1. Would you please report the Å³ per residue occupied by the convex hull of the alpha carbon atoms in the range 129-169?
2. If packing is taken as the average number of other Cβ atoms within 10 Å across a peptide's residues, how do 13-22, 33-42 rank, most packed first?
3. Taking the Cα atoms of the range 1-84, report the difference between the largest and smallest coordinate on each principal axis, in whole Å and largest first.
4. Take residue 5 and residue 60, extend 7 Å from each Cα along the Cα→Cβ direction, and tell me the distance between the two endpoints in nm.
Amino acid sequence: MNLPFILFFICALLAVLGAVLLIIAREPIHAALSLILVMIALAVLYLLLGAEFIAAVQILVYAGAIMVLFVTVIMVLNAEAEERTDFSKIAKWVGLPLGFVLLFAIAHWLYRAHVGPVVASGAGIPAHALSTWDLSTELFRHYLFPFEATSFLILIAVLGAMILARRDE
């Protein structure tokens, strides 16, 4: 076993653990922190696949900007611990068995798939793949206006959420 193999399983375990903690968290801020754990673990997995740009975007956009937005909304709304309700009978008798069937189907598909050895050997990576430098040059030369327009729309959405959440005195 080599270091990338061990690192893959550690990050995969952290991503699954963060997702489970996200689901069972009672406090919204704990759920947001669990989501950050998932995003960082996924970024490391992207690095292991050789996708440096996607890993950087994962950290900057999702773990950075979106989570700051989530935490800001949680703080502005002063969200408290959520109330737990009784477990739905439909979810218990239909959802759990269907979840196990889905899990078995995915495990069977992964066992029978021939994609893993191809990706591990590097044969699936195109020879003319763009580097992060080429991609950023293309983004900021030809697609600068849509990039900036998107950031402006996100700013308007944050301001709108703050105005809607404002308490009347």
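1. Residue-normalised Cα hull volume stands at 77 Å³.
2. In descending order of packing, they fall as 33-42, 13-22.
3. 46, 26, 11
4. 3.5 nm
Where a number appears in this text, it was derived from the coordinates with a stated rule and is not lab data. Fair warning: this is a prediction, and the values are worked out from it, not measured in the lab. In this analysis, Cβ positions are derived from the backbone assuming ideal geometry, glycine residues included, and neighbour counts consider all displayed protein chains.
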